[in-house]
Amino acid sequence: MAAQVQLLDTRPLRWMGGAMLAAGALLPALPGNPGLPCPLRALTGIPCPLCGMTTSVTATMRLRMGEALAASPAGVLLVVLTIVVLVARPSRLPMPPTWVVVTGLALMWVWQLQRFSIL
């Protein structure tokens, strides 16, 4: 028996994606560019899997791909996927399997631990 594929409504994803792209475009223009500090890194010194995403998204939006990839390759992928969803406007998308999400987060964490010379 085949597993049933769950579908995600893309309307909230499009709103969140649009807000992310707007923040990525506008954040560097703010006076002092405060950025968003990582609570885990601030408390423990250890980066979380999502560390570098703000830097990566803002750098991608400014077409600074080297800086974006150095901060987090996942940020570049997120911007590309967001643009595809905003342009194509699908009404539903298949939800990724849990193992894909967990594996992606694990790879992102290994990247950050290596980036900050913890591994």
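Could you pull out every one of the helices (runs of 4 or more DSSP H) wholly within the stretch 1-110 that has 2 or more residues that are of a type outside the set (K, R) and surrounded by 11 or more Cβ atoms within 10 Å (Cβ to Cβ)? Write out each step before concluding.
Numbers: elements: 10-26, 39-44, 53-61, 65-71, 73-88.
Per the criteria, 10-26, 53-61, 65-71, 73-88.
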Extreme residue, modelled with the lowest pLDDT, among residues of the stretch 51-69 that are among the small types (G, A, S) and touching a Gly at 6+ places or on another chain (Cβ under 8 Å): G52
One residue from R64, R14 being among the charged types (D, E, K, R) and free of Cβ contacts under 8 Å to residues at least 60 places away in the same chain: R64
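Select from the stretch 21-50 the residues that are closer than 20 Å to V80 by Cα and at pLDDT below 90 and list them in ascending order. Step through it out loud before you land on a result.
First, the residues of the stretch 21-50 that are closer than 20 Å to V80 by Cα: 21-28, 49-50.
Answer for the stretch 21-50, where residues must be closer than 20 Å to V80 by Cα and at pLDDT below 90: A23, G24, A25, L26, L27, P28.
The values are calculated or read from the model by the stated rules, or taken from the named source; none is laboratory data. Remember, predicted model here, so these are calculated numbers, not experimental data. Cβ sites come from the backbone with ideal geometry, for glycine too, and all protein chains shown count toward neighbours.
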